[in-house]
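Values quoted throughout were computed directly from the atomic coordinates according to the rules given, and no laboratory measurement underlies them. Here the structure is a predicted model, which is why all the values come from computation and not from measurement. Glycine also receives a Cβ, built like all others from the backbone with ideal geometry; neighbour counts cover every protein chain displayed.
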Amino acid sequence: MANRLLEISDLEVAYGDVGALWGVSLHVDPGTIVALVGANGAGKTTLLRTVSGLLRPKAGDIRVSGRSLVGKAPQEIARMGIAHVPEGRGLFRQMTVLENLELGAFQPRARPRTKQLLEKAYTLFPRLKERAQQKAGSLSGGEQQMLAIARATMSEPSLLILDEPSLGLSPLVVQQMFSLIQTLHGQGVTILLVEQNIHQALKVADYAFVLQTGSLAMQGTGAELIADPEIQKAYMGVLE
Amino acid sequence: MFNLPPPEILLQLSLNGALGGAMYGVAAVGLSLIFGTMRLIFLAQGAMIILAAYFVRALFYGLGIDPFLSLLIVVPVGLVVGWLIYQGLFRKAAAEEDRNVSLLIAVGLMFLVQNLMTVIWGGNTAGVVTSYTATGIELLGVRTSFTRSMGFLIALAGTGLVMLFLRKTIVGKAVRAASEDMDAATLMGISPHRVNAIAFAIGISLAGAAGVAVATTFPFNPFAGFIFSLKALVALALGGIGNVTGALAGGILLGLIEAYVQFFISGGWTNAIAYGVFLLVLMFKPEGLFSRPYKKA
Amino acid sequence: MSRALQWIAVLVVAALALLPFVPGAVDAYYFSFLFFVFLYAIMAQSWNLVAGYGGQISLGSHAFFGLGAYTTAILWSGNYLWGSLYDAHPGMYYFDPVTMLFGGLVAAVAAVFIGLPLLSKLHGDYFALGTLGFGEIVKVLFVNGGDFTGGAFGIVAPASAFDTLRPHYWVALGLMVATALAIRALMRSRYGLALIAVRDDEMAASANGIDTLKVKVAAFAGSAFIAGVAGSLYTYYIFHVGPDSVFDLDWMLLPLMMTVVGGTGTLLGPILGALVMYAVFDLARIVVPDYHPVISGLTIILAMLFLPKGMMRLGVMQRRKSA
Ligand SMILES: Nc1ncnc2c1ncn2[C@@H]1O[C@H](COP(=O)(O)OP(=O)(O)O)[C@@H](O)[C@H]1O
Ligand SMILES: [Mg+2]
């Protein structure tokens, strides 16, 4: 499976003695959008934080293009081409929009091309150009989320990880968010998307995994899962 | 009520307070940087300042190097020493993220440095007396000491350079980012050890600069450092933890408070009032006195 | 603690209690050495309660120690408690439980006063800084306290004949054991569980209906009480209570260091740490008198570099991952 961009096998993660993930395996192929869905507390954030090195797994393996990243520090993993937009966005709120974007291109791979990357980001997110000198913390929720995503794209990642990008946004902004995700996908960015907004997530996803209290419950193409009565009942509030 | 003293006296007080306070300010800028990335209260900062003062003194009496000229030696040496201190003493503890351990290493370093100085130079008060030590200059129509004014300039220049570094260079921005949110910074590919080491290098080189100012202005002894650390912490809190210009301003404000309390109340109460202000600020304005109120989303 | 360990502890305590009966022991060097180990172990337990079990790093232990010491000296020298009874028995302030209790209570009340605003407003390092500032303020207050506190000189207790260290030794040993037992019982109670819960995850604890402020303030006050009693004990040893001696930062730094070296958040860690660290300090003082603080500093650094979790190794140190 050399062509797998991300391959997670039998991943186990615990907080102290309390387990959070028990033997989860999933994969992301290049050029696809993969959705990871599940109820609150299922372990989605835990999984993403383990991929980007913020948490250490107890067991299992995580490979990016065949290379294991278990035991590597987050900054090393970032330099391997993984950009993680964490839950809560992780913006540097006291710093300007421009500074946040520049830091997105901090790693050596991207830094020399900061200028071009910035231009590219501004064409995709014109609002951010207007607000370049404003502090990130002063932006609206939607703008902050855009900034977080724009910052992540500044490193031209091979895998973009988004943890609940639509959280706390108005329905209109959520729509913009999802169309943005599709635009990025159109540009060839591979995306691993965690969402509470399951219907939307499954609609844009090529493939999806359902996490249930720390274990994988189901997987399939986005279309298959949307049609699945179990999913409809459990997560989309559809009554039988 | 008491009569307000004539304006010359007030100006004199303010000037002397501000000039002296700037020294707390530089120490606080260093603490602020180190606290920013490592969340470590580097209690040994004052001891490092006194160590630098002894070093300046040795350069002067041993090699005849002018104390202000020795900035050119002390500051780069401080950068290297700070880097080494981080790599040798704090790197492992920082990786473990156990803050008790870092705090205690700082305390151990403070003990070590204080007592090494005692062993090498003895416990008595020492000073540096140059041809210009007693020289006075006229500033704002008030006479003040030349060395204090130089100390003030050193403080301003040091803080200014640090500000430029933090605001204008990408590595400086990375240091600020790491101070704000280390996890998010690592997701940008920023190495915590690198920013910590940079913070330490700059912090100790600022201690070196402060050492020059101290050596030329005050008599000092190996144990004078701790109170300096405390004063720097107060300055830090007044200015807002993590706010570099605020730290300098906090130091100057503390110098003013001390000068006024000493004049209007009594020297015995300066510390209590300084720490009282410190507690009040920590409790009611933890973001410091000089930051604009910032809405939290 | 395993059963075997409990028996060992009982035997060690019994042996220590009988030690003063060994001929010559009282005059031996190690006798006063042990007295100080007990004293520091009590102080280390005090710090461990609030910082190790409670997760709130306090840098104000010396203030509470000094408050206890001063309270004892003031009650004693002014004979505020026993009136004419004292004239008949001038020695009665020695280890008088009521006086010692007051020493602890004054410290505890001060801790509640300062702890309520500090702990409700400040978290983590800000709390540590606040307690450090508090310690310095208390010191200045006592320096400026006029006749009541004896100013910069302090107070000399009316020393009546005291020709043996035996009572000091026993009282210190007894207090050390009592402190350890009390903390052991406390940490097994519902309160102890709540304290651990608050340390490990304040939000979760609060969501589970724990009044986190109350729990933290109580731990802070309990810690201050223990330190105050230790300060009281010290007054009986030193007689001259002055701001520079009993508010010395060493009364905060050394116990902190001992606890961390022994093992934070463990019952025996503070005692073990006090024994080992005080032995190192004292040995250095005797063997290399000129360099001993250098050696002490080095020891702390080396201990932290190579034994960061303390000798007990069970150290449930708090790991903070920024959220
Ligand atoms: N920092 C933490 N410490 C302890 N337990 C945690 C922590 N973060 C999350 N958990 C627990 O791990 C489980 C998974 O949480 P999380 O990964 O955040 O779920 P999700 O993102 O799917 O909502 C939950 O039971 C949660 O309580
Ligand atoms: Mg989540």
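Tabulated values for the structure
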item: Gained length - C:Tyr126 relative to C:Ser2, 0.36 nm times residue gap less alpha-carbon distance; result: 40.8 nm
item: Choice from B:Ile265, B:Ile105, B:Ile198 with maximal GNM fluctuation in chain B (Cα, 10 Å cutoff); result: B:Ile265
item: Cβ-based charge dipole, the protein assembly as shown, positive-most Cα from A:Leu139, B:Leu33, C:Ala110; result: A:Leu139
item: Cβ-Cβ FRET estimate between C:Leu181 and B:Leu161, R0 fixed at 51 Å, reported to 0.05; result: 0.35
item: Taking region C:229-305 and dividing mean pair separation by its residue count, relative contact order in percent (alpha carbons under 8 Å, at least six apart); result: 18 percent
item: Fraction in percent of alpha-carbon pairs per bin - 5 Å, region B:83-128; result: 5, 20, 21, 19, 12, 11, 8, 4, 0
item: Residue of B:Leu84, B:Leu254, B:Leu19 that the Gaussian network model of chain B assigns the largest fluctuation, springs spanning Cα pairs under 10 Å; result: B:Leu84
item: Cα point-scatterer Debye curve for region B:124-215, base-10 log of I(q)/I(0) at q = 0.12, 0.13, 0.22 Å⁻¹; result: -0.55, -0.61, -1.05
item: Chain B: radius of gyration and largest Cα-Cα distance (Dmax), Å; result: 19.0, 61
item: Charge-dipole axis of the protein assembly as shown as Lys and Arg at +1 and Asp and Glu at -1 on Cβ define it, positive-most pick from A:Val174, C:Ala182, B:Phe220; result: A:Val174
item: Most fluctuating residue given options C:Thr71, C:Thr266, C:Thr299, as computed from a GNM of chain C linking Cα atoms under 10 Å; result: C:Thr299
item: At R0 = 30 Å, FRET efficiency that the Cβ-Cβ distance of B:Ile265 and C:Leu283 yields, to 0.05; result: 0.05
item: Convex hull volume of region A:1-47 per residue (C-alpha atoms, cubic angstrom); result: 76 Å³
item: FRET efficiency for B:Val80 and B:Ile170, using Cβ-Cβ distance with R0 set to 25 Å, rounded to 0.05; result: 0.65
item: Length-normalised contact order of region C:35-248 in % [C-alpha pairs under 8 Å, at least 6 apart]; result: 45 percent
item: Cα-projected label distance for C:Ala28 with C:Ser206, points at 7 Å along beta-carbon direction, nm; result: 5.4 nm
item: Residue (of B:Ala106, B:Pro7, B:Gly189) at the positive-pole extreme of chain B, dipole from beta-carbon charges; result: B:Gly189
item: Cα gyration tensor shape for region C:85-202, rounded if a/c is under 1.5, else prolate or oblate; result: oblate
item: Cα-projected label distance for C:Leu302 with B:Ile120, points at 7 Å along beta-carbon direction, nm; result: 2.1 nm
item: For region B:196-296, alpha-carbon Rg and Dmax in angstrom; result: 14.7, 46
item: About the Cα centre, charge dipole magnitude for region C:35-248 (Lys/Arg +1, Asp/Glu -1 at Cβ), debye; result: 500 debye
item: Within chain C, longest stretch clear of exposed chymotrypsin sites (Phe, Trp or Tyr not before Pro) (DSSP loop, no more than 14 other Cβ within 10 Å); result: C:163-323
item: Which of A:Glu195, A:Glu12 has the fewest Cβ neighbours within 10 Å, and the rest in rising order; result: A:Glu12, A:Glu195
item: For chain C: span of alpha carbons on each principal axis (Å, largest first); result: 61, 42, 40
item: Value at 222 nm in deg cm²/dmol, rounded to 500, when DSSP H runs of n ≥ 4 in chain B each add -39,500 (n - 2.57); result: -24000 deg cm²/dmol
item: Contour minus Cα-Cα distance for A:Arg4 and A:Glu130 (0.36 nm per residue); result: 41.5 nm
item: Rounded to the nearest 20 debye, dipole of chain A from Cβ charges on Lys, Arg, Asp, Glu; result: 1020 debye
item: Quotient of C-alpha Rg and 2.2 N^0.38 Å, computed over the protein assembly as shown; result: 1.05
item: Label-point separation in nm, A:Ser138 to C:Leu101, each point 7 Å along Cα→Cβ; result: 6.1 nm
